[in-house]
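Participant: Sending over a structure as structure tokens; questions will come in a sec.
The values are calculated or read from the model by the stated rules, or taken from the named source; none is laboratory data. What you see is a predicted model; the values in this text were computed from it and never measured. So basically every Cβ, Gly included, is an ideal-geometry build from the backbone, and we count neighbours across all protein chains shown.
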Amino acid sequence: MKKACVLLIVLVFAVGWSFLLFAQEKAEKKEVPDKGFVMYAARDGIFHVEAGKLAVQRGSSEGVKKFGQHSIDHHTQLNDELMQLASKRGVTLPKKMSKKEQEALDKLAKLSGPDFDKAYLETEIRDHSKDLSAFQKEAKEGKDPDVKAWAAKSVEAIEEHLKMARDLTK
């Protein structure tokens with residue numbers, strides 16, 4: 001009888017422990033709403049900071065250099081805000097931009113002077129146009145209210161950057 005009680009206690013403990021481990025594993029794998037958008041925005045923000053650094057270094061016009069610095073400052077702020085949002089949700093943000101963005105940055109890094117200015121502004125216009133669509137969609141259809149609000153607030157900044165880049169091409 002004593003053996004049966006000990007066996008029963010061990011069995012109950014083992015089953016309970018297994019359940020706790022399973023529940024913890026399931027909680028860790030829990031999907032975070034809007035995670036895809038958050039990862040996209042993080043990689044994109046890294047790209048804009050790095051492209052801005054190139055513009056400050058390699059740009060030939062004062063306007064491109066100022067726009068580059070503005071991009072560094074503003075996207076660093078947006079990246080910091082996004083990092084805080086992600087941290088609250090247990091999401092680890094990427095430390096690098098996407099492969100496609102890295103390739104675009106590498107192409108820009110090979111240019112200088114007016115050729116750099118032209119390619120940089122074209123890249124910024126193309127990328128900010130794509131970003132504007134993604135952020136507007138998240139602002140309308142996002143599931144996480146804080147991420148949705150951050151995307152909506154960021155739309156204004158993206159529109160400003162897009163206008164600045166377009167104005168510099170005139």
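Participant: In region 122-153, how many residues are in contact (Cβ under 8 Å) with a residue 24 or more places away in the chain and of a type in the set (G, A, S)?
Facilitator: The qualifying residues number 4.
Participant: Identify all residues within region 65-106 that are surrounded by 12 or more Cβ atoms within 10 Å (Cβ to Cβ), basic (K, R) and touching a residue at least 12 places away in the same chain (Cβ under 8 Å); write none if there are none.
Facilitator: R89, K96
Participant: Related question: Being assigned to a helix (DSSP H, G or I), within 24 Å of Q57 (Cβ to Cβ) and either in the same structural domain as V56 (by TED's automatic domain parsing) or polar (S, T, N, Q) (or both) is the requirement here; does D127 meet it?
Facilitator: yes
Participant: K163 passes all but one of (1) under 15 Å from F47 (Cβ atoms); (2) over 18 Å from the mean Cα position of the chain (by Cα); which number fails?
Facilitator: For K163, the exception is condition (1).
Participant: Within the bounds of region 130-140, is there any residue that is under 19 Å from M39 (Cα atoms), part of a helix (DSSP H, G or I) and hydroxyl-bearing (S, T, Y)? Walk me through it before giving the result.
Facilitator: Step one: list which residues in region 130-140 are under 19 Å from M39 (Cα atoms), which gives 130-140.
From the residues that got through so far, the ones that are part of a helix (DSSP H, G or I) too are 130-140.
Pick out the ones that are also hydroxyl-bearing (S, T, Y) and you get 133.
Checking region 130-140: at least one residue is under 19 Å from M39 (Cα atoms), part of a helix (DSSP H, G or I) and hydroxyl-bearing (S, T, Y).
Participant: Let me ask something additional. Could you check K170 against (1) more than 19 Å from P33 (Cβ to Cβ); (2) basic (K, R); (3) outside any loop (DSSP other than H, G, I, E, B) and say which number it fails?
Facilitator: The one condition K170 does not meet is (3).
Participant: Right, another one. Regarding V155, is this residue part of a helix (DSSP H, G or I) and either surrounded by fewer than 15 Cβ atoms within 10 Å (Cβ to Cβ) or touching a Leu at 6+ places or on another chain (Cβ under 9 Å) (or both)?
Facilitator: yes
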